[in-house]
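The values are calculated or read from the model by the stated rules, or taken from the named source; none is laboratory data. Nothing here was measured: the structure is a model prediction, and the numbers come from that model. Note that we place each Cβ from the backbone using ideal geometry, even for glycine, and neighbour counts take in every protein chain shown.
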Amino acid sequence: MIKEYRFTGLSALLVILLIFLLLFLFTLLLSPIIILLTLLLILYLIYQRFKNSISQMLKNLRKKKIKISEDSTRGELEIDLVKRTSESLKLDPEMEEFIKYLVSKGFKYDTKSGRLYYGNRLVYAIYKKTYPINNIIRLYNSKPEVDIIVLGLKGTPDNPKFIFFIPVEESRERMSIEELKRYLKRL
């Protein structure tokens with residue numbers, strides 16, 4: 001036998017009200033969890049978006065040199081982040097000789113900033129003793145913010161056999177000797 005229940009009148013209204021009340025209580029209980037999960041999802045997406053810049057910033061912070069001075073009167077320690085040290089401005093002797101050679105040929109060297117100029121154009125100087133094995137020369141790791149790259153090749157730093165004037169716009173990180181022949185100059 002099958003029993004049949006009919007909801008009519010007040011009993012049907014009470015059952016529907018009870019179902020809505022249970023749904024309302026269920027959403028009230030789950031809403032903080034849902035809000036928390038959406039906040040966590042948003043934070044994770046923001047982290048993924050800026051992960052590279054955050055890690056780069058932390059890497060730069062670890063590399064920063066600090067200068068500690070004990071000039072305070074109350075025994076406090078002051079830490080100043082140094083932008084440039086005298087050690088960072090020093091060049092290796094080979095590069096120094098090459099720059100002296102370029103200065104003797106009409107370039108100007110600013111000792112305060114450590115920059116080399118040819119006329120009014122900023123120069124990035126590179127000296128290589130020999131040709132590389134595969135005839136491809138690495139000019140830079142990251143593109144320098146200068147106007148010209150001057151490459152001295154072979155010979156000695158104070159008298160290189162070949163000098164190449166390469167505009168930065170036309171340069172690449174690695175260039176072959178054949179590509180560089182267009183920029184060969186005689187000083």
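Answer yes or no as to whether residue 31 is at pLDDT 75 or above, part of a helix (DSSP H, G or I) and surrounded by fewer than 10 Cβ atoms within 10 Å (Cβ to Cβ). When the stated conditions are applied, residue 31 does not pass them.
Residue count for the range 97-116, restricted to those that are surrounded by 15 or more Cβ atoms within 10 Å (Cβ to Cβ) and either more than 26 Å from the chain's Cα centre (by Cα) or not assigned by TED's automatic domain parsing to the domain that holds residue 159 (or both): 7.
Do we find that residue 19 is loosely packed, with under 10 Cβ neighbours inside 10 Å, at pLDDT 90 or above and part of a helix (DSSP H, G or I) in this structure? In short, no. Here residue 92 fulfils each of the conditions (1) modelled with pLDDT under 80; (2) not assigned by TED's automatic domain parsing to the domain that holds residue 154 apart from (2).
Of all residues in the range 151-160, at least one satisfies being assigned by TED's automatic domain parsing to the domain that holds residue 121, under 23 Å from residue 96 (Cα atoms) and within 28 Å of the chain's Cα centre (by Cα).
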